[in-house]
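Heads up, the thing below is written out as structure tokens.
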Amino acid sequence: MAVLTTCEGTTIQGIEAWGAHCASGYRKFLVQLGQLTPLGRGSLRRVWVRELRKTGSLFDVQLKGTRVRLEIGDNRSEIKALVQGDAFMQAERMAIHRAKQAGQPLYIIDIGANAGLFSAIALHEAGDDTRLLAIEPNPRLRRRLETNIEFNQRDAQVEILPCALGRARGEMSFLVDNNDLGGGGLAAHRAHKMHGTHLTVPVRPLAEIVEAASFHRIDVLKIDVEGAEDQILMPFLETVDPTFWPQQILIEIAHRTVWQSDLLEALYTHGYALTEQSGADATLMRRTVP
């Protein structure tokens with residue numbers, strides 16, 4: 001579980017160099033304790049995170065060669081990455097590898113890009129001729145996304161869109177969960193969240209941003225938007241030519257009960273098959289052309 005590998009600095013203008021927050025000594029011991037024992041999982045995780053934060057909230061790590069800066073304490077996804085190390089996002093890595101087998105440049109979309117961990121890993125795995133769209137409306141997470149992309153010198157391959165996605169162009173209220181930034185979302189889908197900050201964010205349909213980006217196809221689409229997945233993908237399937245439907249979809253289904261439409265059933269009907277599921281994360285591959 002080699003997350004704490006070499007710490008050679010990567011200097012970016014205006015950003016503290018990667019490597020400035022690599023763990024050593026007691027900090028490194030605490031990280032390894034969380035990785036190798038139950039302390040980093042379940043109900044004990046809060047205790048572990050609280051102790052880690054006493055040593056600082058930032059951790060510079062490598063996830064199988066992808067350089068990232070993790071900020072723990074306010075984002076479960078970044079804590080999960082610190083705990084899992086090289087095992088983080090195994091299913092997502094496999095999806096990229098399957099897409100690479102076609103031997104052509106990859107087109108990837110990251111909806112709900114969070115701190116940019118999937119985007120950075122996907123670009124590292126896919127190679128220099130990859131193009132990626134990263135959509136993240138939360139400005140705090142977007143700064144982390146930009147930093148993690150730049151640490152890997154991949155910013156020329158990425159377009160970062162500061163908006164949410166939905167059925168139609170407009171504006172909506174976005175709820176920032178201050179205890180778990182990755183758990184925020186369009187307020188209509190996060191009504192049970194009692195604590196947070198409301199922002200007004202622009203909303204655009206997926207078909208519009210794909211057309212504007214001049215993508216030739218979509219090889220991998222990852223979507224994690226806390227219950228609004230159907231509001232994004234259903235209209236895309238209904239309005240876009242099937243040649244532009246993603247070849248692989250990586251989707252969180254934890255909030256399936258709040259969907260207004262049965263998105264999974266619609267995807268099955270449109271020729272997708274469930275190939276892998278781990279907890280709340282599912283991978284679907286397109287098997288037939290409608």
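The values are calculated or read from the model by the stated rules, or taken from the named source; none is laboratory data. Please read these numbers as outputs of a predicted model, since none were measured by experiment. We place every Cβ from the backbone using ideal geometry, glycine too, and count neighbours over all the protein chains shown. When the accessible area is computed, the model is the full protein with side chains, heavy atoms only, and any ligands, DNA or RNA have been set aside. Shrake-Rupley method; radii C 1.70, N 1.55, O 1.52, S 1.80 Å.
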Given the candidates CYS163, GLN231, ASN179, the one whose Cα lies deepest towards the positive end of the charge dipole of the stretch 159-256, counting +1 at each Lys or Arg C-beta and -1 at each Asp or Glu C-beta, is ASN179
Relative to the Cα centre, what is the charge dipole magnitude of the chain, using +1 at the beta carbon of each Lys and Arg, -1 at the beta carbon of each Asp and Glu, and rounding to the nearest 20 debye? 860 debye
Might you report the magnitude of the Cβ-based charge dipole of the stretch 143-272 about its Cα centre, with Lys and Arg at +1 and Asp and Glu at -1, to the nearest 20 debye? 220 debye
Take peptides 108-116, 138-146 and line them up by average Cβ neighbours within 10 Å, highest first, as a rough protection proxy. 108-116, 138-146
Can you compute the charge dipole magnitude of the stretch 45-114 about its Cα centre, using +1 on each Lys and Arg Cβ and -1 on each Asp and Glu Cβ, nothing else charged? Give it in debye, rounded to the nearest 20. 180 debye
Under 28 Å between alpha carbons: how many lysine pairs meet that in the chain, if sequence neighbours fewer than 8 apart on the same chain are excluded? 14
If you build a Gaussian network model of the chain, linking Cα atoms that sit under 10 Å apart, which residue out of TYR107, TYR26, TYR272 swings the most? TYR26
Shape descriptor, the stretch 61-171: equivalent ellipsoid semi-axes (Cα gyration tensor, sqrt 5λ, whole Å, largest first) stand at 20, 19, 12
Of the listed peptides 78-84, 17-23, what is their order by residue-averaged count of other C-beta atoms within 10 Å, with the highest listed first? 78-84, 17-23
Hey, if we sort LYS222, LYS28 by accessible area with the 1.4 Å probe, largest down, what's the order? LYS28, LYS222
Dipole of the chain (Lys/Arg Cβ +1, Asp/Glu Cβ -1, origin at the Cα centre): which of TRP18, ILE149, LEU39 lies farthest to the positive side? LEU39
Quick check: net charge around ALA282, other residues with Cβ under 9 Å of its Cβ, Lys/Arg +1 and Asp/Glu -1? -3
Where q = 0.13, 0.14 Å⁻¹, what log10 of I(q)/I(0) comes from the Debye formula for the chain, counting one point per Cα? -0.90, -1.05
What does the charge add up to near ALA87, with Lys and Arg as +1, Asp and Glu as -1, over the other residues with Cβ less than 13 Å from its Cβ? +2
Cα pair count fraction exceeding 24 Å, expressed as % - the stretch 148-271: 32 percent
Roughly how many whole Å is it from the C-alpha centroid of the stretch 213-229 to that of the stretch 87-135? 11 Å
